[in-house]
Amino acid sequence: MAQINEITREGYEALNAELEELITITRKENAERLKEAISYGDISENAEYDAAKDAQAETEERITEIEAFLRTVKVIDEEDSDEDDSIVQTGRFVVIKDLSFDEVLEYKIVGTTEADPFEGKLSNASAVGSGIIGHKAGDVVEVQLPDGSMASFEILEVRR
């Protein structure tokens with residue numbers, strides 16, 4: 001059975017938009033580049049042809065990757081969730097305090113494809129993200145970081 005990947009509605013729509021653009025626009029652009037490169041003649045020493053083929057291969061690989069991922073997603077609609085609002089889960093905003101650095105951080109817990117800590121989007125599969133999922137405001141959570149060290153976080157607030 002395939003692994004189920006959680007993703008927010010926003011992330012799901014962004015992936016679908018990317019897929020649509022790749023299929024309807026980028027594929028056609030690649031075909032045009034390829035056609036133009038072939039018109040230059042001898043393709044054995046044609047840098048434009050090689051570049052066009054590489055772009056076409058990258059596009060097709062990304063389309064395949066997105067389609068495969070979308071077959072395994074569970075879309076989390078933050079507004080429709082019946083879950084307890086006070087529990088950290090995908091789609092929720094969480095304010096945490098890093099007790100080691102006495103630093104307060106705010107993140108939205110998102111699926112792996114949406115993660116961007118610099119934009120305040122923390123993956124539900126990351127060490128910290130997976131470590132705090134299922135906890136509530138007031139909980140102190142010990143998380144083992146990828147480097148093997150332990151970090152402590154206090155969950156200050158959870159909201160939709």
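Taken over the stretch 135-153, the criterion of being part of a strand (DSSP E or B) and in contact with a helix residue (DSSP H, G or I) (Cβ under 8 Å, 6 or more places away or on another chain) is satisfied by Val141, Glu142, Val143, Gln144, Ala151, Phe153.
Taking the criterion of being loosely packed, with under 11 Cβ neighbours inside 10 Å and more than 15 Å from Glu60 (Cα to Cα), the only residue of the stretch 14-31 that qualifies is Ala17. Checking the condition touching a His at 6+ places or on another chain (Cβ under 7 Å), closer than 28 Å to Ser126 by Cα and open to solvent by less than 40 Å² (accessible area, probe 1.4 Å), which residue from Val88, Val110 passes? When all the criteria are applied, what remains is Val88. Apart from one condition, Ser44 fits all of (1) surrounded by 12 or more Cβ atoms within 10 Å (Cβ to Cβ); (2) more than 20 Å from the chain's Cα centre (by Cα); the exception is (1). Selection within the stretch 1-13: residues that are aliphatic (A, V, I, L, M) and touching a residue at least 24 places away in the same chain (Cβ under 8 Å). The member of this set that is surrounded by the most Cβ atoms within 10 Å (Cβ to Cβ) is Ile7.
The values are calculated or read from the model by the stated rules, or taken from the named source; none is laboratory data. The model shown is predicted, which means the values in this text are computed figures rather than measured ones. Neighbour counts are summed over all protein chains in view; Cβ atoms, including those assigned to glycine, are modelled from backbone coordinates with ideal geometry. Ligands, DNA and RNA are excluded from the accessible area calculation, which covers all protein heavy atoms including side chains. Shrake-Rupley method; radii C 1.70, N 1.55, O 1.52, S 1.80 Å.
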